Each structure stands twice: as C-alpha cells, then as structure tokens.
Amino acid sequence: MAVRLLIENIGMLATPTGQSACRGAEQGEITVSKNAYVAVGEDGNIVEVGTGTVPAGLRDAEQVVDAEGGLVTPGLVDAHTHLVFGGWREHELALKLRGVPYLDILAQGGGILSTVRMTREASFEELVEKSCKALSMMLALGTTTCEAKSGYGLNLETELKQLRVIQKCGEIQPVELAATFLGAHALPEEYKENREEYVRLVCEEMIPKVAEEKLAEFCDVFCETGVFTAEETRQILEAGIRHGLPAKVHADEIDPIGGSQLAGQLHAVSAEHLICTPDEGIASMAEGGTVAVLLPATSFYLDKTFARARDMMAANVPVAVATDFNPGSCPNLSLPMAMNLACYKYRMTPEEVLTAATLNAAAAIGRADRIGSLEVGKQGDLVIWDAPNLDFIFYRFGNNLVRKVAKKGVLC
C-alpha cells in the first residue's frame, strides 16, 4: 500500500463521524481515540485510522510525522466567508463605537456599498493577491476548506470577476474553496429607485451566466430589512435552483422577516447568521433539513445578541460555526476564535463545536461525504494541535495552537 503521509504518536484523535450533518444529541457524540495514528494514501484519502502500534506496512510512508502526543482533529471547514473584496473599512469602527446602527451606515452609502465601490475598482490580480494572503493566514489557523461568496460587485462584470478570483485562488493555493453567488447582497446605488429591475437582472442575467460558466456551487441572498424582502429572496433563490445552484440564505441577522422560514421551505442547504431567529424559523429549518451556520464573531464584533444555538440543537437543527470574514461586520478570519466564542457564548460543548466547525460545516457546503471527519475514504485533511486534548484548544482562547496542517495528505 502506497502511503503519502503517516501521523503517529497522536495523544488524542478527536473527530465526528459520518457523511451527513449531525443534529441534536448526535452533534456532541464524537469519536475520541488515544495513542492513535492516521495514514493517508497517494490519492490524498485516508487509508487507515488506528490505535496502538503502527503496522509495519505503513512505516514506508513518504513522510512520517510525530504528533508528539498532541491532539489531531479534522481540518477546519469555514462555511461562510466573504473572501474577495477591495479595500477595508476600518474607518467604520468609530461609527460603531458611537452606536450608529449598521443599516444607518448602509443608508449613508457606507457598509456593503462602500466595499462594492472598492471591489469594482480593484483589478483581478489585486484581488487574487489579497485573497490568497487571507487564505494563507486561514490555513495557518487550521482552515483547510473555505466557502467564499461574491456579492461586492452588484453588477454582472464585477460579480463574475469575484467568482473568477475565487476559482483562480482555488487553483494556486492549498485551501479548498466552495464558491457561492451572492449578487443579491445589497441593492446597488444605481438601482436604488428601481429594485424590481435589479431583481430581474440577478434572476435573468447574472444567475444564468454564473451557471453557464460553472463559477459557483450555490446561490445566496441577504434577506433583511432594507435589503431584500422574503418574497424577493424566494424569487431569486428559485431562479438559482432552476439553474442548478442550491439555495443558501442570509437570514434573521438584524430583523426576523421570514428568511429562516423560507430557508426550510426551499430545503436550503444552509441558513446563515440567524441572530434573531423565531421559533417558526427554527421549526422550518428542522423540517427542511437546513444547516444553521452561526457566526458568533459577528455578534461579538457588532455587540449584538448571540444566536439561539442550544434551542436549534434541541429542535434537531444541525449547527455549524463559521467566521463570516468580511471587511465590515467581521474582519476576522480565525475560525478557532469563532469556535471559542461558540463555546463561551452559545454554551456549546467542545465536542459540539468541533462537529460544528468540521462535519456540519462540510454539510453546509455539500462536502460532508468527503471532508469534515477523519475516516477511511475521506480526504486526508487534518490539524495537529499543540494541545494534549480537545478541551485545551477551547480553554486557551486567543492563541494559535495549530502546529501542523495537512491538505489531502500534504503538509502545508
């Protein structure tokens, strides 16, 4: 058996198991192995996970790594980012500190619209360089797979540019990318008085072109007060579904206007943010099989309420945790930090959070069959931590405890 990578002397191997999202009590039921090893074959997939003495046949691996008694987990999966954007928005910090609401900043031409202007102006090469720099930082923090949304173009040309940047970044650096079309992220300034025409443009011109060029895997909409109504959201998402782009929804971030209910009704792959989701939304997501992608670092940065994670899990909604990396409401790309916040503020256990940032996050981007857990046949995506056990990485918040990262059995 040809082995690309052998990780031995693992003090604790912690992983969820399965090929679909875990829900309810299952979310906290992970497999923990002591004195373990993992072997990854030449094809980048795991060929053996075991405990005790490493079989002699695996010792001929191209590379053997001593975990030095540390913790090994699956590679982290960040299921919600706005990776590609021009500029930054550090000047908005002072406004936030003075208590200016986000929707007021948006109404003044700031917020998303400010980033739209800078992204339209940025060249393809500039966006690739900036995005790859961010991905390099994410990889160093344990993220091996990342969802990346468009949505800072709000015209056909720039939306396609963003998606092509995502495609290019996926080709030239190790982090695996899942592209999401988010042309309905805000109403562009030039359509302020003609929102019906912009919705038509998204449905009849942008979505068909994105699908034709196979530039995205999903279609997302920001369903929120001052942005897109629930009915507009339905119209756009149904257009995406017709063109082979499964639905995602930015829902209930500021006001509960029906986004989470719609997500369940459309059997959306995921609903995201969910800060103020009502009982009806939770029930709809449970019935529709929708993964709740929660973004605790956004609540922290904006000083907002934290999502009802425990209520969602009690209702059998699978919960994932992501960063929401973006230049405005969450300029943070550390998934471990978001995981720490999920533990402290959602009161999720370390086991539940590990599942949320691996297998359930993989399900939220349609990849639970091949990433998100350390099992034979899945990709050799894993993290070796400078930690003796799982609790330690939640206890030591604010520190990067990642020692080594492997993607498809290749050390990065």
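The values are calculated or read from the model by the stated rules, or taken from the named source; none is laboratory data. Values in this document were obtained by computation on a predicted structure and should not be read as measured data. Virtual Cβ from ideal backbone geometry, glycine too; neighbours counted across all protein chains shown.
Quick notes on this one:
- The set of residues from the range 1-37 being part of a strand (DSSP E or B), closer than 15 Å to ILE371 by Cα and of a type in the set (A, V, I, L, M, F, W, C) comprises just one member, ALA14.
- Scanning the range 25-60 for residues that are surrounded by 16 or more Cβ atoms within 10 Å (Cβ to Cβ) and within 25 Å of the chain's Cα centre (by Cα) yields a total of 8.
- Scanning the range 241-291 for residues that are small (Gly, Ala, Ser), under 26 Å from ASP303 (Cβ atoms) and crowded, with 24+ Cβ neighbours inside 10 Å yields ALA251, GLY259, SER260, ALA263, SER270, ALA271, GLY281.
- Pairs with Cβ under 9 Å, 6+ apart, first in the range 97-122 and closer than 14 Å to THR225 by Cα, second hydroxyl-bearing (Ser, Thr, Tyr) and surrounded by fewer than 15 Cβ atoms within 10 Å (Cβ to Cβ): LEU103/THR225
- Answer residue from the range 334-372, given it is of a type in the set (Ser, Thr, Tyr) and either outside the structural domain of ALA297 (by TED's automatic domain parsing) or under 14 Å from the mean Cα position of the chain (by Cα) (or both) and is surrounded by the fewest Cβ atoms within 10 Å (Cβ to Cβ) among those: SER334
- Summed over the range 8-24, the residues that are β-branched (Val, Ile, Thr) and under 22 Å from the mean Cα position of the chain (by Cα) give a count of 2.
- Residue that is farthest from MET312 (Cα to Cα), among those in the range 250-268 that are aliphatic (A, V, I, L, M) and touching a strand residue (DSSP E or B) at 6+ places or on another chain (Cβ under 6 Å): LEU266
- Selection count, the range 235-277, where residues are closer than 22 Å to ALA309 by Cβ and part of a loop (DSSP other than H, G, I, E, B): 14
- In this entry, MET339 is excluded by the filter for residues that are outside any loop (DSSP other than H, G, I, E, B), farther than 30 Å from ASN35 by Cβ and either modelled with pLDDT under 95 or touching a strand residue (DSSP E or B) at 6+ places or on another chain (Cβ under 7 Å) (or both).
- Matching option when the condition is over 19 Å from the mean Cα position of the chain (by Cα) and at pLDDT 95 or above, among PHE325, PHE392: PHE392
- Across the range 373-385, the qualifying residues are those that are in contact with a Leu (Cβ under 7 Å, 6 or more places away or on another chain) and not in a loop (DSSP other than H, G, I, E, B), and the one among them that is surrounded by the most Cβ atoms within 10 Å (Cβ to Cβ) is LEU382.
- Check on PHE181, touching a Ser or Thr at 6+ places or on another chain (Cβ under 7 Å), within 30 Å of VAL77 (Cβ to Cβ) and touching a residue at least 40 places away in the same chain (Cβ under 8 Å): yes
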